[in-house]
Amino acid sequence: MELVVFSLNYSSWSVRAWLALDHAGVPFQVRHIGGFVEEGWREKLLAISGAARVPVLLDGGLTLHESLAICEYVAERHPEAALWPQGARARARARAVSCEMMSGFHRVRQEMPMSLRGRAKGFAPSEQAQGELARIFQLWEEALDRSGGPFLFGAFGVADCMYMPVLSRLRTYGVGAPTGLQSYIDAMWGQPSVARWATLAQGEPAIPMYDGVLG
Ligand SMILES: N[C@@H](CCC(=O)N[C@@H](CS)C(=O)NCC(=O)O)C(=O)O
């Protein structure tokens, strides 16, 4: 099995799929395409997937794009990893907040591009981004209140994979979260797949174009 990515330091959608695969203990290789920097990157990606976006999962004859679809596939193939919570209601809520990440929070994504190892200077989120962050904190608090933690729906799962890049952005841009969320944030940074990702991301090639936005 292969996961096609741009960079595990900068490509937040790739990281979401990578975390689900790693947590499920799936043996897989990572194939890098230097998106926006490597000569002919778009053609190389188009030759793999008509969507021309990463991540792409290659599993035998299956070519699968969209990070959430990849997480769903991993969850279905590896039920022992319990990537979705037990119980139809909890699973429905976990899917809803995962979809909310996929389709929303555009200002946070635009103003705070992910760089796990980057540290921004003098960053202040716009009012719109602050509003989106408040909604993210609210949904984390609600999920943790119901589940009792340590992760959004109890055990580490797809919803946590979806929001890990947000935690990374909070750290990169020096944005604080409500104190009640600190134990969730600590649990996430200490989670074994997250720790492995953080190590791998440190070794990814620098892309000056992305680092430039950090100021
Ligand atoms: N909804 C897609 C988004 C994927 C996406 O936008 N990936 C970015 C890199 S993180 C990309 O491939 N961008 C290429 C482009 O914009 O041309 C997913 O969840 O996989």
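Quick check on region 158-181: of everything there that is of a type in the set (Gly, Ala, Ser) and not in a helix (DSSP H, G or I), which residue is surrounded by the fewest Cβ atoms within 10 Å (Cβ to Cβ)? Before the answer, list the steps.
First pass over region 158-181, keeping only residues of a type in the set (Gly, Ala, Ser): 159, 168, 174, 176-177, 180.
Then drop every residue that is not not in a helix (DSSP H, G or I), which leaves 174, 176-177.
On the way: GLY174: 12, GLY176: 9, ALA177: 17.
Residue satisfying both the conditions and the ranking: GLY176.
Of all residues in region 8-19, those that are open to solvent by less than 10 Å² (accessible area, probe 1.4 Å) have Cβ atoms under 6 Å from Cβ atoms of residues that are near the ligand (Cβ under 7 Å from one of its atoms), 6 or more apart or on another chain, in SER14/VAL54; SER14/PRO55; ARG16/SER67; ALA17/PRO55; ALA17/SER67.
Criterion applied to TRP18, TRP41 was being of a type in the set (A, V, I, L, M, F, W, C), within 13 Å of the ligand (Cβ to nearest atom) and closer than 21 Å to ALA198 by Cβ, and the one residue passing it is TRP18. Is at least one residue of region 116-130 crowded, with 18+ Cβ neighbours inside 10 Å, within 16 Å of the ligand (Cβ to nearest atom), of a type outside the set (Phe, Trp, Tyr) and assigned to a loop (DSSP other than H, G, I, E, B)? Within region 116-130, one or more residues are crowded, with 18+ Cβ neighbours inside 10 Å, within 16 Å of the ligand (Cβ to nearest atom), of a type outside the set (Phe, Trp, Tyr) and assigned to a loop (DSSP other than H, G, I, E, B). Please go through region 182-213 and pick out each residue that is closer than 16 Å to ARG117 by Cβ, touching a strand residue (DSSP E or B) at 6+ places or on another chain (Cβ under 9 Å) and either open to solvent by 60 Å² or more (accessible area, probe 1.4 Å) or part of a helix (DSSP H, G or I) (or both). Within region 182-213, LEU200, PRO205 qualify.
The values are calculated or read from the model by the stated rules, or taken from the named source; none is laboratory data. Note that the structure is predicted; figures quoted are calculated from it, not measured. Every residue, glycine as well, gets a Cβ built from its backbone with ideal geometry; the counts of neighbours run over all protein chains shown. Just the protein is used for accessible areas: all its heavy atoms, side chains included, with ligands, DNA and RNA removed. Shrake-Rupley method; radii C 1.70, N 1.55, O 1.52, S 1.80 Å.
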